[in-house]
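Below: the structure, in structure tokens.
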Amino acid sequence: MWTTSTNNEKGPYMTRMSPLLERNEEFAHGYTPVPLGPPTAQVAVVTCLDHRVDPALFLGLGLGEAVVIRNTGGRVTQAVIDDVAYLAFLAGHVFGGQTVSANPFEIAIVHHTQCGTGFLADPDFRRQAAEATGIAEAALEERAVADPYLTVKADVERLLAAPSLFPNMKVSGHVYDIETGRVTTVVDTQHP
């Protein structure tokens, strides 16, 4: 079954993870491991960590099809640029260049409507968030997604301008609509 914790004198108790671990048991029962190799769809998705935004669901991704990088707002930060550069290096090193040279990855940046980072566009809210989290106001302002159609364009441009991006990688920009479940392409696939 699932793992329970012991609370000294009170005996075993369920945590919020308990039902999820039970689901994992069901998953593991029919699980077939995916061998190490490049993602079969040859796509890396950069998107938001919002619990309503799950690229496996809205893009219909199966296990092993795509790399998914998630952060606050799905923004292209220096950490995302570093991850993309490392993934390209790793793919070229481990898989003999088959992914990087012959079949380059597409990096699909997906922002979404109703993003909670939109509140960061408000200076008062941003100041309060900075005070509460210790994150600099300027850094919080950079994470704001008030208009995903504009921010996804800016993030595509930022990634395309990154010197560490492999020259034959592709980058595209999309917006996921929380209300309809549809993804709209805002920036067609481009090369650096």
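The values are calculated or read from the model by the stated rules, or taken from the named source; none is laboratory data. Keep in mind the model is a prediction, meaning the values are calculated, not measured. In this analysis, Cβ positions are derived from the backbone assuming ideal geometry, glycine residues included, and neighbour counts consider all displayed protein chains. All accessible areas refer to the heavy atoms of the entire protein, side chains included, with ligands and DNA or RNA removed. Shrake-Rupley method; radii C 1.70, N 1.55, O 1.52, S 1.80 Å.
What the table shows:
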quantity	calculated
Unmet criterion (only one of (1) open to solvent by 20 Å² or more (accessible area, probe 1.4 Å); (2) farther than 29 Å from PHE27 by Cα; (3) touching a residue at least 60 places away in the same chain (Cβ under 8 Å)) for THR72	(2)
Subset of the range 104-126 (residues that are in a helix (DSSP H, G or I), touching a Leu at 6+ places or on another chain (Cβ under 9 Å) and farther than 13 Å from GLU137 by Cβ)	THR117
Matching entry among GLU131, GLU142 (being open to solvent by 10 Å² or more (accessible area, probe 1.4 Å), modelled with pLDDT of 95 or more and among the acidic types (Asp, Glu))	GLU131
Selected residue (criterion: least open to solvent (accessible area, probe 1.4 Å)) from residues of the range 38-48 that are out of contact with any helix residue (DSSP H, G or I) (no Cβ under 6 Å at 6 or more places or on another chain) and over 15 Å from SER172 (Cβ atoms)	PRO39
Boolean, VAL46 is touching a Pro at 6+ places or on another chain (Cβ under 7 Å) and assigned to a strand (DSSP E or B)	no
Condition met for LEU150 (open to solvent by 50 Å² or more (accessible area, probe 1.4 Å), without any contact (Cβ under 8 Å) to a residue 24 or more places away in the chain, of a type in the set (A, V, I, L, M) and part of a helix (DSSP H, G or I))	yes
Residue match in the range 172-185 (condition: part of a helix (DSSP H, G or I), of a type in the set (Gly, Ala, Ser) and either over 14 Å from THR47 (Cα atoms) or in contact with a Cys (Cβ under 6 Å, 6 or more places away or on another chain) (or both))	no
Flag if ALA91 is under 22 Å from VAL187 (Cα atoms), among the hydrophobic types (A, V, I, L, M, F, W, C), crowded, with 16+ Cβ neighbours inside 10 Å and in contact (Cβ under 8 Å) with a residue 40 or more places away in the chain	no
